[in-house]
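Notes for the one structure printed next.
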Amino acid sequence: MFIKFFNRFRKPIVFKSEFEPDVSYRKFKYQSNIDYFLSGEDNNAIELNFKIYTELIEDPRWENTIEPLELFNLIHKKIEYMYLYCAKPNKYVKHLTSLPLSSKQMLCFLYFFIKLGEGRLGCSYDDIDKINDDGEEWNYINQLLATLNLIKIEYNKLDQKLKHEKYNFNNVLDHIKPLSYSHKIAYLIEQKSVYQQDDDKPKNIGNISFENRCNIEIEKLKTLAEFDEKSTSTTQPKLKLSSKKGTKTNLIRVLHTLYEMRYFETSDGQIPTKLEFMEVMGEYFDTNFSDYARNLSQSLQNQPLEANTKVFMEMISIIEKEHFTNK
């Protein structure tokens, strides 16, 4: 049964001892339109190609991996060469795995190569015991199946490698290192969710699962954040404003100016509101700056320009003195 199915697809074969195209073998012609592979008189070939095409464009694993036409040209060309060189399966498989493709493209290529090969033969390596044909024809089929089995082994190795790289927790730690606390937590939760919903996730990545590693890191970050918060709240300020008249108002003027000059930002690179900025400065100096806006407004409205700029002129005077002293 398998031999009859295979003969529908088989073309004249010339066995060679060297791994090079045979001039007597009809060379594969690259096609410029995907419709070439999805139409024709051979219904079995059309059905097989259409199944491959549908899976390629619908399976999210292969999204943006390789163009359908490029893949079809490649797998059909290489499948024809397999018919020629299956007598040297190891050499042929080495040739396939050395093609200039990215790891994801190679995985996609090998996956659909196997689909096309087994689909054309109508059987897989697991069906060898079911085939009772003898002679040269059977030996040839056996070589093709053995070659496809070696390709399947390479596919499984690459598949596991890419899965382990995807869930390599060291890569996650490197990614979150520069992020703010909230963004670290969000990224870890997202990656844990992806892992939980991945039906094809790898097994046995160390003694601790990827999911548990995410949970441990999240708890660590939360604990550190709580510790920092307690440390901040229990630490007494080491500095306070002097009792000199106008000190608070002058400091508000200076802080207001520095804020407007964009000298400060949050740990995640954002510009804080002026109220947030003043509250942080108030905590640092153990002073209530919540009334900064009213204080500054009254100063600007009720006092002359010289009074509002006096503190800055004094600062200039200090710098000028230091400047010329060090000349």
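The values are calculated or read from the model by the stated rules, or taken from the named source; none is laboratory data. Computed from a predicted structure; not experimentally measured. Don't worry about glycine lacking a Cβ; one is built from the backbone with ideal geometry, like all the others, and counts go over all protein chains shown.
Scan region 53-62 and give yes if some residue there is surrounded by 16 or more Cβ atoms within 10 Å (Cβ to Cβ) and touching a Pro at 6+ places or on another chain (Cβ under 7 Å), otherwise no.
Here is the first cut: in region 53-62, the ones surrounded by 16 or more Cβ atoms within 10 Å (Cβ to Cβ) are 53, 56, 62.
This time we only want the ones that are touching a Pro at 6+ places or on another chain (Cβ under 7 Å), so: 53, 56.
Yes: one or more hits.
So Thr287 fits all but one of (1) in a helix (DSSP H, G or I); (2) in contact (Cβ under 8 Å) with a residue 12 or more places away in the chain; what number is the exception?
Every condition holds for Thr287 apart from (1).
With the checklist (1) farther than 24 Å from Ser182 by Cβ; (2) within 48 Å of the chain's Cα centre (by Cα); (3) of a type outside the set (A, V, I, L, M, F, W, C); (4) not in a loop (DSSP other than H, G, I, E, B) in hand, flag the one item Asn295 doesn't pass.
(2)
Conditions first: (1) in contact with a Lys or Arg (Cβ under 8 Å, 6 or more places away or on another chain); (2) assigned to a helix (DSSP H, G or I); (3) of a type in the set (A, V, I, L, M). Val254 passes all but one, so which condition is the exception?
All conditions pass for Val254, except number (1).
Specify which of the listed residues (Tyr155, Tyr195) is farther than 20 Å from Thr223 by Cβ, modelled with pLDDT under 80 and not in a loop (DSSP other than H, G, I, E, B).
Details: Tyr155 fails: modelled with pLDDT under 80.
Result of the check over Tyr155, Tyr195: Tyr195.
Of everything in region 158-172, what is modelled with pLDDT under 85 and out of contact with any Ser or Thr (no Cβ under 7 Å at 6 or more places or on another chain)? Give them in sequence order. Talk me through it step by step, then tell me what you get.
Step one: of region 158-172, the residues modelled with pLDDT under 85 are 160-172.
If the condition is that a residue be modelled with pLDDT under 85 and out of contact with any Ser or Thr (no Cβ under 7 Å at 6 or more places or on another chain), then Gln160, Lys161, Lys163, His164, Glu165, Lys166, Tyr167, Asn168, Phe169, Asn170, Asn171, Val172 are the ones that fit.
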